[in-house]
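Just below is one structure, and these are the notes that go with it.
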Amino acid sequence: MFRGTFTALVTPFRDGAIDLSAFQQLIEAQIAAGITGIVAIGTTGESPTLSHDEREELIRIAVSTANKRCLVLAGTGSNATQHAMADTKMAEKLGVDGALLVAPYYNKPSQEGLYRHFKAIAETTSLPIMLYNIPGRCGVDIVPETVVRLAKACRNIVSIKEASGSVERVSDLRRRLPESFTILSGDDSLTLPFMAVGAAGVVSVASNLFPSQVCALIRACESGNLKAAEKLHRKLLPLFKDLFIEPNPVPVKTALGWRGAMSGEVRLPLCEMSETNRARLRKTLEEFEREK
């Protein structure tokens, strides 16, 4: 079900509060560019800093603004299974098309614990679920054996956002999972190699800024036009890299702020970029714009 280009939306803030108008405008820009879907309140949306009421409001606005013109996923993962269950139920009531469930962070469960965590959540919802494996942030890896177990046990666990950074991991998952179970890249810079070995798209940070170009890259991969895909990848790669020179989503929100799309404000414990990195990012963006 989940394939193509999904944007991990930033959450715009202004003077400490959510800027709902900027959030809606961001979604409209994504839809106009032909995005497959959007992900609200994920890591890029600074979900750990959002209150329950704010999360609910953002999901509601995402669903109503999209109005069935693209898929809407909600990041409802938590390191507390009961919290993840409650947020997933809430998102389902608000009308999302799926839930993105990150691996439990900080408490570092065993693989059996991971299996039981995701299975318990899946059993409380009818939503299609996309697992999110990002060991670098969570301190725990959802290994292929656990993904295969979950795919067999839970018919609504249908996809994984894979951000382990390993092409070999994607190859292994693709070999062992049913074709209906999709793998999406969780790293913009690895989308092309991941799709070359069986991934079906990307959950992208860069598409907040350049959705049409990321969509074009995915379409080129899907159609088998590897020369076009490689050309787009090479052009986008400096941008992909520099959007992570400081913790995500600080660089991408900084760039959106320069564009005038929103304030660029982030919430503590995140903070503004260093002057050195701001200059580097601005130069990369200017070079990219000249080449467009």
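The values are calculated or read from the model by the stated rules, or taken from the named source; none is laboratory data. This one's a predicted model, so the numbers in the text were calculated from it and none came from an experiment. Don't worry about glycine lacking a Cβ; one is built from the backbone with ideal geometry, like all the others, and counts go over all protein chains shown. In case anyone asks, the SASA skips ligands and DNA or RNA and just uses the protein heavy atoms, side chains included. Shrake-Rupley method; radii C 1.70, N 1.55, O 1.52, S 1.80 Å.
Measure off 7 Å from each Cα along the Cα-to-Cβ vector at E112 and A32, then give the distance between these two points in nanometres to one decimal.
My value for the distance between the label points is 5.4 nm.
What is the chain by shape, rounded, prolate or oblate, if you read a ≥ b ≥ c off the alpha carbon gyration tensor as root eigenvalues and call it rounded for a/c under 1.5, prolate for a/b larger than b/c, and oblate otherwise?
Working: a/c = 1.55, a/b = 1.19, b/c = 1.31.
Since a/c reaches 1.5 but b/c is at least a/b, the shape of the chain is classed as oblate.
Amide H of K161 versus every other amide H placed in the peptide plane: which residues, excluding those fewer than 5 positions away on the same chain, fall under 5 Å?
Correct list: L131, Y132, N133, L184.
Please work out the C-alpha center-to-center distance from region 1-74 to region 91-140 and express it in whole Å.
Result: 19 Å between the Cα centres.
In a GNM of the chain with a 10 Å cut-off on Cα contacts, which of Q213, Q30, Q82 has the highest mean-square fluctuation?
Highest fluctuation among the options: Q82.
From the Cα gyration tensor of region 251-292, with a ≥ b ≥ c the square roots of its eigenvalues, which class applies: rounded if a/c is under 1.5, or else prolate if a/b is larger than b/c, or else oblate? Present the calculation step by step, with values, prior to reporting the outcome.
Values: a/c = 3.39, a/b = 1.60, b/c = 2.12.
Since a/c reaches 1.5 but b/c is at least a/b, the shape of region 251-292 is classed as oblate.
In debye, nearest 20, what is the charge dipole magnitude of the chain about its Cα centre with +1 on Lys and Arg Cβ and -1 on Asp and Glu Cβ, if you could check?
Its charge dipole is roughly 680 debye.
Just going by the charge dipole of the chain, with Lys and Arg at +1 and Asp and Glu at -1 on Cβ, which of A17, F240, T43 is farthest out on the positive end?
F240
Go through region 132-197 and name the GluC sites (Glu not before Pro) that are in a DSSP coil and have 10 or fewer other Cβ atoms within 10 Å of their Cβ.
Passing sites in region 132-197 are E179.
Which net charge results for the neighbourhood of A229, defined as the other residues with beta-carbon distances under 13 angstrom from its beta-carbon, given Lys and Arg at +1 and Asp and Glu at -1? All intermediate terms of the calculation are to be shown ahead of the outcome.
Values: positive: R219, K227, K231, R234, K235; negative: E222, E230.
Cβ neighbours under 13 Å give a net charge of +3.
What is the local net charge at G75, summed over the other residues whose Cβ is closer than 12 Å to its Cβ (Lys, Arg +1; Asp, Glu -1)?
Working: positive: R55, K161; negative: E46, D87.
Cβ neighbours under 12 Å give a net charge of 0.
Which net charge results when you count Lys and Arg as +1 and Asp and Glu as -1 among the other residues whose beta-carbon is under 14 Å from that of P12? Before the final figure, lay out the partial values.
Numbers: positive: R14, K253, R259, R267; negative: D15, D19, E28, E46, E54, E57, E265.
Taking every Cβ under 14 Å from that of P12, the sum is -3.
Evaluate the charge dipole of region 1-134 about its Cα centre and quote only its size in Debye, nearest 20, assuming +1 on the Cβ of each Lys and Arg and -1 on the Cβ of each Asp and Glu.
Details: 11 positive and 13 negative charges, 82 e Å.
The calculated dipole for region 1-134 is roughly 400 debye.
Taking H placed 1.01 Å from N in the peptide plane, check which residues at least 5 places from I38 or on another chain put their amide H under 5 Å from its amide H.
The list, which skips near neighbours in sequence, is T7, L71, V72, L73.
Kindly identify region 176-250 as rounded, prolate or oblate by the Cα gyration tensor criterion: order the square roots of the eigenvalues as a ≥ b ≥ c, call it rounded if a/c is under 1.5, otherwise compare a/b with b/c, prolate if a/b is larger, else oblate.
oblate
DSSP loop (so not H, G, I, E, B), at most 15 other Cβ within 10 Å: list which trypsin sites (Lys or Arg not before Pro) in region 122-193 pass both filters.
Numbers: sites: R137, R149, K152, R155, K161, R169, R174, R175, R176; in loops: R155.
In loop regions of region 122-193 (DSSP not H, G, I, E or B), the sparsely surrounded trypsin sites (Lys or Arg not before Pro) are R155.
Pop a pseudo-label 7 angstrom from the Cα along the beta-carbon direction at both A80 and K231 and give the gap in nm to one decimal.
Going from the A80 label point to the K231 one covers 5.2 nm.
Can you show me the helix-derived [θ] at 222 nm for the chain, built from DSSP H runs with n ≥ 4 at -39,500 (n - 2.57) apiece and divided by the number of residues, rounded to the nearest 500.
Details: 12 runs with 141 residues, N = 292.
Only helices count here, giving -15000 deg cm²/dmol.
In whole Hz and in residue order, list the ³J(HN,Hα) couplings for region 158-164 that follow from phi through the Karplus curve 6.51 cos²θ - 1.76 cosθ + 1.60, θ = phi - 60°; x for Gly and Pro.
10, 7, 9, 8, 9, 10, 7
Considering only protein heavy atoms and a 1.4 Å probe, what is the carbon-and-sulfur percentage of the accessible area of the chain?
Working: 6310 of 12510 Å².
Answer for the chain is 50 percent, counting heavy atoms of protein chains only.
Mind ranking 34-45, 236-247, 102-113 by how tightly packed they are, going by the mean number of other C-beta atoms within 10 angstrom, highest first?
Values: 34-45: 24.2, 236-247: 17.9, 102-113: 15.2.
Per-residue mean Cβ counts within 10 Å order the peptides as 34-45, 236-247, 102-113.
Quick check for you: with a 1.4 Å probe and neighbouring chains kept, what is the accessible area per residue of region 1-154, in Å²?
Details: 6130 Å² over 154 residues.
Counting only protein heavy atoms, the per-residue value for region 1-154 is 40 Å².
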